[in-house]
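Following: one structure in structure tokens, then a few remarks.
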Amino acid sequence: MTKPIVFCDFDGTITNSDNIIAVMKRFAPPEWEAIKDDILAQRCSVQEGVGRLFSLLPSSLKEEIIHFLLQTARIRDGFREFVAFLKERDIPLYIVSGGIDFFVYPLLDGLVGKDRIFCNGSDFSGETIRITWPHSCDEHCQNGCGCCKPSLLRKLAPQDATKIVIGDSITDLAVARLADHVIARDFLLEKCQELRLPHTPFTTFYDVVAFFERIGVKA
Ligand SMILES: [Mg+2]
Ligand SMILES: [Zn+2]
């Protein structure tokens, strides 16, 4: 096996649940539900939908939202140990997230450096929150991902690396198809089974460490 490179989702993978949903439930007016339904039914792109969702929130809520998530979001068990495990073995870990910088960075503070985190950006200079898209789709993707995980893999992974993708949802499926191996839970796990993608299920990051021990990556 060539040297592994790891691409790991954030919401519902590193955290136990989805932070955008949690923020909308707590802070958004009721219209947010229809936008969420449009995204899930693919009546609009993730990029368009997430942009519309955050435009429902006044910029002045920034600190309150961060505080709320720091109080309520839970990092999945074993993540800190997993980060240390990869670091000892010099295996690169990239966080690829459809989340937004202003909450992803604080939740990962002390765990993963900003230079390894690829997510959407935010602008609080207007009346309502505006999402920016520093990692939108390259010429090979027309999905309007917002943060385009397949594009990031194409950009960041050396051709001959063993590409490992960790995730949980529909937004990880396109990048999972490009992976050599997928570590999956929830909806992504069902899809991996259905599409017969090479995969391993996980519940905690101790399971993910056990996977790397099984494939025998050396320090
Ligand atoms: Mg996710
Ligand atoms: Zn894309």
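The values are calculated or read from the model by the stated rules, or taken from the named source; none is laboratory data. Note that the structure is a prediction, hence the values are computed from the model and not measured. Cβ coordinates were reconstructed from backbone atoms using ideal geometry, including for glycine residues, and neighbour counts include every protein chain displayed. Just so you know, the surface numbers come from the protein's heavy atoms only, side chains and all, with ligands and any DNA or RNA stripped out. Shrake-Rupley method; radii C 1.70, N 1.55, O 1.52, S 1.80 Å.
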- Message: Could you check region 30-52 and list, in sequence order, the residues that are open to solvent by 60 Å² or more (accessible area, probe 1.4 Å) and over 19 Å from Thr128 (Cα atoms)?
- Response: Asp37, Leu40, Gln42, Arg43
- Residues of region 59-101 being under 30 Å from Gly216 (Cα atoms) and part of a loop (DSSP other than H, G, I, E, B), in sequence order, are Arg74, Arg76, Asp77, Gly78, Arg89, Asp90, Ile91, Pro92
- Which one of the conditions (1) of a type outside the set (A, V, I, L, M, F, W, C); (2) assigned to a helix (DSSP H, G or I); (3) surrounded by 17 or more Cβ atoms within 10 Å (Cβ to Cβ) does Asp11 fail to meet, given that it meets all the rest? (2)
- For Asp18, state whether it is exposed (fewer than 15 other Cβ atoms within 10 Å of the Cβ) and either of a type outside the set (Lys, Arg) or touching a residue at least 24 places away in the same chain (Cβ under 8 Å) (or both). no
- What are the residues in region 107-146 that are within 16 Å of ligand 1 (Cβ to nearest atom) and out of contact with any helix residue (DSSP H, G or I) (no Cβ under 8 Å at 6 or more places or on another chain), if any? Leu108
